[in-house]
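For reference, the structure is listed below as structure tokens.
Just so it is clear, none of the values below were taken in a lab; they were calculated from the coordinates. Just so we're clear, the structure is a prediction, and the values are computed from it rather than from any experiment. Using ideal geometry, Cβ is built from the backbone for each residue, glycine included, and neighbour counts are taken over all protein chains shown.
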Amino acid sequence: MEESGVKIIYPCEKISVVGFSEVVSKISNLREARKQIFSLTKKNKIDLAVTVDSPGFNLSIARLLVKKDIPVFYLIPPQVWAWGKWRIKSLSKYFKGLFVIYPFEKRFFDREGIKSFFLGNTLIEIVKPEKKFKTNDIPSGNPLVAILPGSRTAEIKRLLTPSLKAFKIFKEKHPSSRAVIALRKKKDLSLIPGNGIKLLNDAKIFYGRTYDILKAADLAIVSSGTATVEAGILQTPMVIVYKLSYISWIISKILVRVKQFGLVNIILSEEIAPELIQKEVNPGRIANELGKIYENREKIADRLKKFKQLLGTKGAYDRIAEKILSIVH
């Protein structure tokens, strides 16, 4: 966004969290971000606002903006269909419209009487491999397994080591298999526990090339969230892994109302990607599920074509911008 000329007043990665207990460590950052936004609204005339994701932060911001008669729209609203239904009242009260990115979400909000629009999934135009790997870039062998442990600190700490150990087990049955790891930046390596470092000898690491890796891979071990949708768009069969802190897990068991957490499975209304959570995220179980999807990879890839179709066509950002302007003018 910064490269496109957007002025960044506070970096969003400083307030990004996974789970409930992790919020505590970011309280000071959240306060500072709110302070910066409050200051901006005092010094400038704001014509409209679009909040994106992060409901714990954005719902309070929307309340402030509406008090200042600023129309607010929500791109990627909270997943109240899964948990947090108490937020529905705030969504109805503070937002001129919600722009959802999955077709079933519009049906949900329609039932709740909240104005929402599904104009396509924005990832369709974002998820595009930049270039093919050169012959020597990727380890030779088949199948190629991509490991995506997530982008947040907690995710990498909890998911990368068991995923690497799982690949080692998988490789015993498939000796010619190779692994690649997708990380955002080199400093993410420091998050790997000491006993996991030696496992990196079995895989090659790439930074900032997630889409290239998913396109090249035959299979993937993917952290639950947006990455599963990205893998689905690129039709890469996957095992979905998800692990929270103990406190966050207990809270989620109380609050979450859906049986499945993998968006690929929810959208297709069938489980084509095995979902492993908490204690299930162990090397043996991951390796076992990886073996199953390898045997059924062609059938799974075919179903992922249907998944991509359900997300709509390119141009979602333009359609959303046009709709917002038509509402405020």
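Below, the figures for the structure above:
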{"read-out": "Sequence of V100, V50 once ranked by neighbouring C-beta atoms within 10 Å, starting from the fewest", "value": "V50, V100"}
{"read-out": "Gaussian network model of the chain, springs between alpha carbon atoms under 10 Å - residue of K305, K43, K173 with greatest fluctuation", "value": "K43"}
{"read-out": "For L119, net neighbour charge (Lys/Arg +1, Asp/Glu -1) across residues whose Cβ lies under 14 Å away", "value": "+1"}
{"read-out": "Added length on full extension, which subtracts the Cα-Cα distance from 0.36 nm per residue, N296 to S28", "value": "91.7 nm"}
{"read-out": "Long pairs among K132/K306; K204/K243; K243/K306; K243/K314; K187/K292; K106/K131, criterion Cα-Cα beyond 30 Å", "value": "K243/K314; K187/K292; K106/K131"}
{"read-out": "Rounded tilt (10° steps) of 297-310 against the dominant C-alpha axis of the chain", "value": "10 degrees"}
{"read-out": "Binned Cα-Cα distance frequencies in the stretch 144-310 - 10 Å width, integer %", "value": "11, 42, 36, 11, 0"}
{"read-out": "Distance between the stretch 102-181 and the stretch 45-84 - C-alpha centres, whole angstrom", "value": "28 Å"}
{"read-out": "Label-point separation, W86 to E112 (7 Å along Cα→Cβ), nm", "value": "1.4 nm"}
{"read-out": "Proxy reagent accessibility, fewest Cβ within 10 Å first, across F307, F95, F104", "value": "F104, F307, F95"}
{"read-out": "S223 long-range amide H proximity, modeled H, under 5 Å", "value": "L148, G150, V241"}
{"read-out": "Listed residue (Q36, V241, Q309) projecting farthest to the positive dipole end of the chain, Cβ model", "value": "Q36"}
{"read-out": "Extreme residue, positive dipole direction of the chain, given options L144, L325, Y207 (C-beta unit charges)", "value": "L325"}
{"read-out": "For the chain, the spread of Cα positions along each principal axis, largest first, Å", "value": "63, 42, 40"}
{"read-out": "Nearest 10 degrees, 0 to 90: helix 316-328 Cα axis against the chain principal axis", "value": "10 degrees"}
{"read-out": "Sorted by Cβ neighbour density within 10 Å, fewest at the top, the residues H329, H174", "value": "H329, H174"}
{"read-out": "Extension gain from V328 to Q278, taking 0.36 nm per residue of separation minus the Cα-Cα distance", "value": "13.5 nm"}
{"read-out": "Charge sum, other residues only, whose C-beta stays under 13 Å from V66's C-beta, Lys/Arg counted +1 and Asp/Glu -1", "value": "+4"}
{"read-out": "Gain upon complete extension [N44, K168; 0.36 nm per residue less C-alpha separation]", "value": "39.0 nm"}
